[in-house]
Amino acid sequence: MSIVQAAPAGALPAHIAPVEYAVAVERYLACAHLSDTSRRIYRISLTSWSWPLIGLPAPSGRLRRGAVPPVVPLALLDDPGTGPRLALGVAERAALTDARTVNRELSALRSAVGWWQDQAWIITDPTAGLRQAWPPALPVAALTQHQLTALWRSEARLREHAFWHLLYDSAAPAPAVLGMNAADVDLAGCRMKAISARDQVQWSASTSDLLAWLLAGRLHGPVFLTGRRASARVPAADLCPLTGRARMSYRRAAEIFTAHTASLDPRGCGWTLHQLRRR
């Protein structure tokens, strides 16, 4: 395992993949919709994974502040041994701090990994097999009207706003909403075409407007698409025949929502899709 020298964060054109993990972190943070406080928290969290990525324990306590992280190649995230090293790092971190902190740090890494995959800088997801070593968190409350207002007024892509409004309006499970195809959408009727009333998914007229803009005349393929062209391994049913992009996954949708709402959450942790429901 080799260690490379650091490169300045802004030294590469946007389309060229960075060599170093720390540079990739800065590129991700520069594109993320985060407040200054949330960006600082994310940077600390992502930097802390530098040690576990190469099999070293992260500094803790007073040693954590001001510690200089190792220089890590971004390509190491595609190494088959990285997942087990991260799992050990999660276990070690959980033994030293509270579950909320570990969850936040792991969520930051997963969000960054998803974004790097979207840029085609890495292929695999080393966080995919990570298991939490603590009891599941207690159910969280639905978003308040004040929080919803902040969310609807926030700056996000059309795809995200259409998905969030549809999820809130319909009260349908997120995987079901992501599984919708353009051919299933009845914009005039504000509903999804269904065989029976039991399978009916309905939404508001304003959400139909968002969907109309999002589809822009598309009649086939998934409603909610990834930002990049899909690989040859994606099934035809999950591909848009017009753009070549794939159906967005639940995991990616959840990561985007949590990362986006971190700047709206006073704790800086972000909200979950499960909270996007009527009270």
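Computed quantities for the displayed model
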{"item": "Single residue of G61, G55 found to be modelled with pLDDT under 80 and among the small types (G, A, S)", "result": "G61"}
{"item": "Residues within the stretch 228-255 that are closer than 13 Å to R159 by Cα and surrounded by fewer than 13 Cβ atoms within 10 Å (Cβ to Cβ), tallied", "result": "0"}
{"item": "Segments classed as helices (runs of 4 or more DSSP H), wholly inside the stretch 140-214, with at least 3 members that are under 16 Å from R247 (Cα atoms) and either touching a residue at least 40 places away in the same chain (Cβ under 8 Å) or of a type in the set (G, A, S) (or both)", "result": "158-170, 174-178"}
{"item": "Pick from the stretch 205-227, criterion loosely packed, with under 15 Cβ neighbours inside 10 Å and touching a strand residue (DSSP E or B) at 6+ places or on another chain (Cβ under 8 Å), ranking: farthest from L158 (Cα to Cα)", "result": "H220"}
{"item": "Set R93, R85: member being in contact with a Gly (Cβ under 6 Å, 6 or more places away or on another chain), part of a helix (DSSP H, G or I) and either not assigned by TED's automatic domain parsing to the domain that holds W271 or not aliphatic (A, V, I, L, M) (or both)", "result": "R85"}
{"item": "Residues located in the stretch 25-38, provided they are crowded, with 17+ Cβ neighbours inside 10 Å and at pLDDT below 90", "result": "A32, H33, L34, S38"}
{"item": "Qualifying residue in the stretch 190-206 (condition: among the basic types (K, R), within 20 Å of the chain's Cα centre (by Cα) and assigned by TED's automatic domain parsing to the domain that holds L239)", "result": "no"}
{"item": "Residues of the stretch 237-279 that turn out to be free of Cβ contacts under 8 Å to residues at least 60 places away in the same chain and in a helix (DSSP H, G or I), as a count", "result": "2"}
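The values are calculated or read from the model by the stated rules, or taken from the named source; none is laboratory data. Because the structure is a prediction, the values reported are computed rather than measured. No Cβ is skipped: glycine too gets one built from the backbone with ideal geometry, and neighbour counts run over all protein chains shown.
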